[in-house]
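Only the coordinates and a few stated rules stand behind these numbers; no lab work does. In this text the structure is predicted, and so the values were computed from the model without any measurement. Backbone-built Cβ (ideal geometry, glycine too); neighbour counts: all protein chains shown.
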Amino acid sequence: MKTTKRKSFVVYTSWKDCFELLDQAEKAQMLMNLFDYHEGKEPTLNTKALQIAWSVIKPLLQMNQSKYEAQVERALNNVEKRKTDVGTTSLPPRVSNDNVNVDVNVDEKVNGNVNYNINVDNNFDEEEFNRIFN
C-alpha cells in the first residue's frame, strides 16, 4: 500500500456477507486488518476464512486508495498552476471599483417581475447610474 496518509477509509455494506462467514475472533481480526492495512502494515490472515474475506475486501481498498491519490495529485498540480500563473497561491487580484460603468437593461415580464442585467466596463456614468437606481 502507498504511503499517502488518510484519516479515514470506506467500509462497504457488500462486505457484510464476508463478515457473517467469520467467527467472532476472525471478525475482530478483520477489523484490525483494515486499520493495519491503512497504516501500511500487512494484514494478519492466519485462517482460510480471513484469506477469502480479504481477497474480496482488498481490491476495493486498493481502488479507493488509487482514487484518493489521484485526487491529491490533481490538487497539488492545481496549486502549482496557481503559483506559476499568479506567482502566489492566493486568488487572482480583483478588479478595482474605480471607474466602473453600469449598463442596465430592464425587461418587464408579463408577471410584473423586473430583471436587471448589469454589465460592467471601464467607463462609469454616475448620472445614468443615479437615474436608474435612485
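Points to keep in mind about this one:
- With the simple model of a label 7 Å out from the Cα in the direction of the Cβ, residue 46 to residue 63 spans 3.1 nm.
- A DSSP coil position with no more than 14 other Cβ atoms inside 10 Å describes the following chymotrypsin sites (Phe, Trp or Tyr not before Pro) in the range 1-44: 9, 12.
- Cleavage-rule hits, GluC sites (Glu not before Pro), the range 7-61, DSSP coil, Cβ neighbours within 10 Å at most 10: 39
- Overall dimensions of the range 13-86 as given by Cα atoms, namely Rg and Dmax in Å: 17.5, 58
- Cα-Cα separations in the range 40-79 greater than 13 Å, expressed as whole percent: 63
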